[in-house]
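The block underneath contains the structure these notes are about, expressed in structure tokens.
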Amino acid sequence: MIAWVLVGGRLVDSPLLAALPRPDVVVAADGGARHAALLGMWGVGVRVDVWVGDFDSSAGVFVDAPREVHPAAKDETDAELAIRVARERGATELMLLGAFGGRFDHTLALALLALRLTEREGLRVTLSSGDEWGWPLTPASPLSLEVPRGATLSVLAVTDLRGLSLGGVRWPLDHADIPLGSGWTVSNEALGGTVTASLREGRALVTLLPTLPE
């Protein structure tokens, strides 16, 4: 079951958004609800099923959806709350739209949460702002992605990595060991077609910057 979770970063029109599988449920996190109107303008219209948060960043935004209101003083971000609602509704795959371009602390926390959900609960998670994409990579969750030619692809080592293999790129890797935070695996180039990534040990985030039309 696929859930789209609209979070508070930027969202840019992209053909890749239109190619996403249609959601079974859509949950908006506070100000992320503004993306529903943008998606409609771009021909990717969705109906928001639940609008969640403390509503401190949604001034001027209106979505015709039931609200789940939380206090501003809480132990979870609005994005976490929205993800929890999506999972309670049966989501096994999450598309987090608006995941990049907001506050750095929120962006990083969301990426680390995506890694945790993938590693500990086996969920498939995609992070996107239309012009930037990301996927958790763990030993139990290898990736096979259809990537446009010329896209910039990076593997960000969140821990030391052992046995990283990467195919379908200009500089492939075969069971390489990558230290935490290394720039070695930043700014690779997709050849066009299928990109594969797998690990023996560690945790990473694979990011993609597709070349968008002017």
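The values are calculated or read from the model by the stated rules, or taken from the named source; none is laboratory data. Source: prediction; values computed, not measured. Every residue, glycine as well, gets a Cβ built from its backbone with ideal geometry; the counts of neighbours run over all protein chains shown.
Side notes on the structure shown:
- Inter-residue pairs, beta-carbon under 8 Å, first in contact (Cβ under 8 Å) with a residue 40 or more places away in the chain and of a type in the set (D, E) and in segment 1-21, second surrounded by fewer than 24 Cβ atoms within 10 Å (Cβ to Cβ) and outside any loop (DSSP other than H, G, I, E, B), 6+ apart: D13/L38
- Residue match in segment 161-181 (condition: surrounded by fewer than 21 Cβ atoms within 10 Å (Cβ to Cβ), in a loop (DSSP other than H, G, I, E, B), at pLDDT below 95 and out of contact with any helix residue (DSSP H, G or I) (no Cβ under 6 Å at 6 or more places or on another chain)): yes
- Some residue of segment 107-120 being under 16 Å from R87 (Cβ atoms) and surrounded by fewer than 16 Cβ atoms within 10 Å (Cβ to Cβ): yes
- Pair list, Cβ under 7 Å, 6 or more apart: segment 154-173 residue farther than 11 Å from L199 by Cα and assigned by TED's automatic domain parsing to the domain that holds V195, other residue in a strand (DSSP E or B) and among the acidic types (D, E): V169/E189; R170/E189
- Meets criteria (modelled with pLDDT of 85 or more and either more than 14 Å from V5 (Cα to Cα) or out of contact with any Ser or Thr (no Cβ under 7 Å at 6 or more places or on another chain) (or both)) for L112: yes
- Within segment 1-19, the set of residues being surrounded by fewer than 17 Cβ atoms within 10 Å (Cβ to Cβ) and either under 11 Å from L94 (Cα atoms) or modelled with pLDDT of 95 or more (or both) comprises just one member, M1.
- Helices (runs of 4 or more DSSP H) contained entirely in segment 1-108, each with at least 3 residues that are in contact with an Asp or Glu (Cβ under 6 Å, 6 or more places away or on another chain): none
- In segment 102-113, the residues that are free of Cβ contacts under 8 Å to residues at least 40 places away in the same chain reach residues that are assigned to a helix (DSSP H, G or I) and not hydroxyl-bearing (S, T, Y) with C-beta atoms within less than 9 angstrom, at least six apart or across chains, in these pairs: A109/A79; A109/E80; L113/A79; L113/E80; L113/I83.
- Scope segment 20-37; condition under 18 Å from S129 (Cα atoms), of a type outside the set (G, A, S) and surrounded by 18 or more Cβ atoms within 10 Å (Cβ to Cβ); matching residues: P23, V26, V27, D30, R34, H35
- Between V61, V52, the distinction of being over 28 Å from A204 (Cβ atoms), modelled with pLDDT under 90, touching a Lys or Arg at 6+ places or on another chain (Cβ under 8 Å) and of a type in the set (V, I, T) belongs to V61 only.
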